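Trainee: There's a structure below that I have some questions on.
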Amino acid sequence: MSYRSTSSQAVSNWLFIVALMVCAMILVGGTTRLTDSGLSITEWKPISGAIPPLTAADWEASFRLYQQTTEFQEQNSAMTLGDYETIFWWEWAHRQLGRMIGLVYGLPLLVFWLRGSISAHLKPRLLALLGLGALQGGIGWWMVASGLVDRLDVSQYRLAVHLGMAFLILGASVWFGLTARTGPPPVRQGRLVGAAAGVLVLVFTQIMLGAFVAGLDAGRIYNTWPLMNGQLVPEDYLAGLSFLQAIFESHAAVQMNHRWTGYLVALAVFAFAVAIWREPRVALKPFMIVLPALVIGQIALGIAALLAVVPLGLSLAHQGGAILLFIATLAATWTARRAM
């Protein structure tokens, strides 16, 4: 094996490790949302914040800052210091994992760059990914700041931006990792590229709709299936809002849109699987089975979480399913570009 191929494999493995850490970051972030831990740390200290409270006085000071939030005053006023420590550790872990990802990405990037292990094709892309990671830290604080005053939760709009950026970083890490291993795609595009890309966009859209469900706690209402309390379209779909506003702010509308887009994703995945079955080349064949299996499992997890009124375990499993479906769809799109 040549030095160049060994270096390419090392770069690829590094990017896949980063992607795996981003997956963990998304799941820990989901836990902070589901446990209402996201507002427990009311200051943004990118460097010094890595050190948690070490003394009783430090814990009391941190708790006093949280007590100034609207969430504590209107919802958690009976919380004890022990209760606060529980939610603090989830948010601290989320931020600490973000710092670790920065180090695991930034330091090897510098080493690989200096050693000449990164291809000219990937250099600007990996620098852009570094910038996205830095931007994500700022977006995270922008999101948290929206919930500190006059709200019980962070803005669902900012939550969607934060989650969307996380999946963008995840997708880029996987895509560049695959590219580092095999090189850039040929000039000629393979068949089914448009179909694969369309399914990927649809999956990403569904994930964004899920962010609005999480941001509004919309999964805690209409906990019946297949109908919504006996109705195809819930009577409070608009909730007195304009249609454009309702699709992002009405609890009923947000949940219904997420349900029906899930069905649309399933139809698109099965149609894509049929197209793969008719494709004579074999590169895409594994996705003919993998994608339908993932989408069926994801719908089942979503229904189970809804009927159980979104318990932590099922909700995180549903989020994990979204991660797997996104990565698989992205890999199918990447493969389609090379299936000549």
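Trainee: Quick one: 3J(HN,Hα) in Hz for segment 303-315, Karplus 6.51/-1.76/1.60 with θ = phi - 60°, rounded, Gly and Pro as x.
Mentor: Karplus values, whole Hz, x for Gly and Pro: 5, 4, 5, 5, 5, 8, 6, 6, x, 4, x, 5, 5.
Trainee: Give me the base-10 log of I(q)/I(0) for segment 84-148 at each q in 0.19, 0.22 Å⁻¹, Debye formula, one uniform scatterer per Cα, rounded to two decimals.
Mentor: Result of the Debye calculation: -0.80, -0.94.
Trainee: How much of the accessible area of the chain, in percent, comes from carbon and sulfur atoms when a 1.4 Å probe is used?
Mentor: Reported share for carbon and sulfur atoms: 70 percent.
Trainee: Between the alpha-carbon centers of segment 23-95 and segment 118-162, tell me the distance in whole angstrom.
Mentor: Segment 23-95 and segment 118-162 have Cα centres separated by 19 Å.
Trainee: Heavy-atom accessible area per residue, the chain, 1.4 Å probe: how many Å²?
Mentor: For the chain, the solvent-accessible area averages 48 Å² per residue.
Trainee: Ranked from highest to lowest mean number of other Cβ atoms within 10 Å per residue, what is the order of the peptides 247-259, 90-102, 305-317?
Mentor: Put in order of decreasing packing, that is 247-259, 90-102, 305-317.
Trainee: Still on this model: For residue 243 and residue 152 in the same chain, what is the full-extension length gain: residue separation times 0.36 nm, less their Cα-Cα distance, in nm?
Mentor: Roughly 30.3 nm would be gained on extension.
Trainee: So, one more: Dividing the alpha-carbon Rg of segment 296-340 by 2.2 N^0.38 Å yields what?
Mentor: 1.49
Trainee: If you add up the charges near residue 279, with Lys and Arg at +1 and Asp and Glu at -1, over every other residue whose beta carbon is less than 12 angstrom from its beta carbon, what do you get?
Mentor: +4
Trainee: With θ set to phi - 60° and the Karplus curve 6.51 cos²θ - 1.76 cosθ + 1.60, what are the ³J(HN,Hα) couplings of segment 214-223 in order, to the nearest whole Hz, using x for Gly and Pro?
Mentor: 5, x, 9, 6, 6, x, 8, 10, 6, 8
Trainee: Could you let me know the centre-to-centre spacing of segment 257-289 and segment 175-235, using Cα atoms, in angstrom?
Mentor: 13 Å
Trainee: Can you give the three extents of the C-alpha atoms in the chain along their principal axes, from longest to shortest, in whole Å?
Mentor: Dimensions of the chain along the principal axes of its Cα atoms: 62, 55, 32 Å.
Trainee: Now for a different question. With all protein chains present and a 1.4 Å probe, how do 157, 222 order by accessible area, largest first?
Mentor: Sorted by accessible area, descending: 157, 222.
Trainee: With only Lys, Arg, Asp and Glu charged, each at its Cβ (+1 for the first two, -1 for the last two), find how big the charge dipole of segment 226-340 is about the Cα centre; round to the nearest 20 debye.
Mentor: 700 debye
The values are calculated or read from the model by the stated rules, or taken from the named source; none is laboratory data. This is a predicted model, so every value here is computed, not measured. Reconstructed Cβ throughout: ideal geometry from the backbone, glycine too, with neighbour counts over all protein chains shown. Quick note on the areas: whole protein, heavy atoms, side chains included, nothing else; ligands and nucleic acids left out. Shrake-Rupley method; radii C 1.70, N 1.55, O 1.52, S 1.80 Å.
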